[in-house]
């Protein structure tokens, strides 16, 4: 297990304490096939994890930043939160499943993060492909990136969960946090607890997907579709070309693409083909 230097947080260590380094070290020591690198601050945990991957790091490395200063989302959108208010980490994976199935990894991640938050008592669901929502507001974001390394292709799975943000601290009105959804700080799980639950859920879901073959893939597809808030909604899918598809989202196909029924028939779109999916007006 690799731990960075002791953090010196520029925030109220009583109201918003740093991660409990000792507790996390002890917890990760009994989590199978996971290794922790805890940093007091990082521009982007995905960037750090990618560097570790190119240097030969093993699958299961989890890079955690107590404070991430320049996080990234899809399409290079920025993702920033005040110190002590979020869980930000990246997990290094080296999938052995066929490359054609890799597009399922972002969906699997969003699905397992939502499951972990539901276990904490939140009504969390996924907006296709992998935004995690509570009451139609985004509580967690995910960015999965492929990294070419001397040992073959790897995947860096980046996750950010808003834990302690107040309404005034939200980056956009469509965001939320666990504290807001709980009605205040009382009863909100600690960042340490959220980190451990989410990491364990992702690893369990990933391992099942890896070794379960076609049966596991089919169960993932069915379970994802059941918890996907996009299915059954009238949606507008904005494409990079500037065009838009408007219709009812009816299913997720075997390749993880969103099926939209339009006036001219069913159209399928992959996450890489889409700028934004939003309710149709």
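All of the numbers you see were taken from the coordinates with simple rules; none came from a lab. None of the values given here were measured: they were computed from a predicted structure. Neighbour counts run over all protein chains shown; Cβ positions are idealised from the backbone, glycine included.
How high is the relative contact order of the range 69-186, in percent, with contacts defined as C-alpha pairs under 8 Å that are six or more residues apart?
Details: 201 pairs, mean separation 32.6, N = 118.
Answer for the range 69-186 is 28 percent.
Only bridges with both residues in the range 138-181 count here: give the DSSP antiparallel percent, nearest 5.
Working: 10 of 11 bridges.
In the range 138-181, DSSP labels about 90 percent of beta bridges as antiparallel.
Going by C-beta contacts inside 10 Å, put 67, 111 in order with the fewest on the left.
67, 111
Ranked from highest to lowest mean number of other Cβ atoms within 10 Å per residue, what is the order of the peptides 161-173, 258-270?
Details: 161-173: 16.0, 258-270: 14.3.
Peptide ranking by packing, descending: 161-173, 258-270.
Treating the angle as unsigned and between 0 and 90°, give the value, to the nearest 10°, between the Cα long axis of helix 191-211 and the longest Cα principal axis of the chain.
Helix 191-211 sits at roughly 50 degrees to that axis.
Quote to one decimal, in nm, the extra length available between residue 174 and residue 233 on full extension: 0.36 nm per residue of separation minus the C-alpha distance between them. Display every interim value, and only then the final one.
Values: separation 59, 0.36 × 59 = 21.24 nm, distance 1.77 nm.
Extra length available between residue 174 and residue 233 comes to 19.5 nm.
How much length is gained on full extension from residue 33 to residue 167, taking 0.36 nm per residue of separation minus their Cα-Cα distance?
So the extension gain works out to 44.5 nm.
For the pair residue 211 and residue 94, how long in nm is the line joining their label points, each one 7 Å along Cα→Cβ?
1.8 nm
Please compute the contact order of the range 231-279 in relative form: average sequence separation of alpha-carbon pairs under 8 Å and at least six residues apart, divided by the residue count, as a percent.
Relative contact order here is 38 percent.
Run the helix sum for the chain: -39,500 (n - 2.57) per DSSP H stretch of 4+ residues, divided by residue count, reported at 222 nm to the nearest 500 deg cm²/dmol.
Value at 222 nm, helices only, nearest 500: -8500 deg cm²/dmol.
If R0 is 22 Å, what FRET efficiency do you get for residue 136 and residue 267 from their C-beta distance, rounded to 0.05?
Taking R0 as 22 Å, the efficiency between residue 136 and residue 267 is 0.40.
When Cα Rg over 2.2 N^0.38 Å is calculated directly from the model, which label among [x] 0.98; [y] 1.06; [z] 1.32 fits?
Matching the structure shown: [x].
Quick one: 245, 252, fewest Cβ neighbours within 10 Å first, how do they rank?
Ranking 245, 252 by Cβ neighbours within 10 Å, fewest first, gives 245, 252.
When you count, for each residue, the other Cβ atoms within 10 Å and take the mean per peptide, how do 126-132, 231-237, 141-147 rank with the highest first? Intermediate results must be reported in sequence, preceding the final value.
On the way: 126-132: 25.3, 231-237: 17.3, 141-147: 20.7.
By packing density, highest mean first, the sequence is 126-132, 141-147, 231-237.
Find the relative contact order for the chain and round it to a whole percent, using C-alpha pairs within less than 8 Å whose residues are 6+ positions apart.
14 percent
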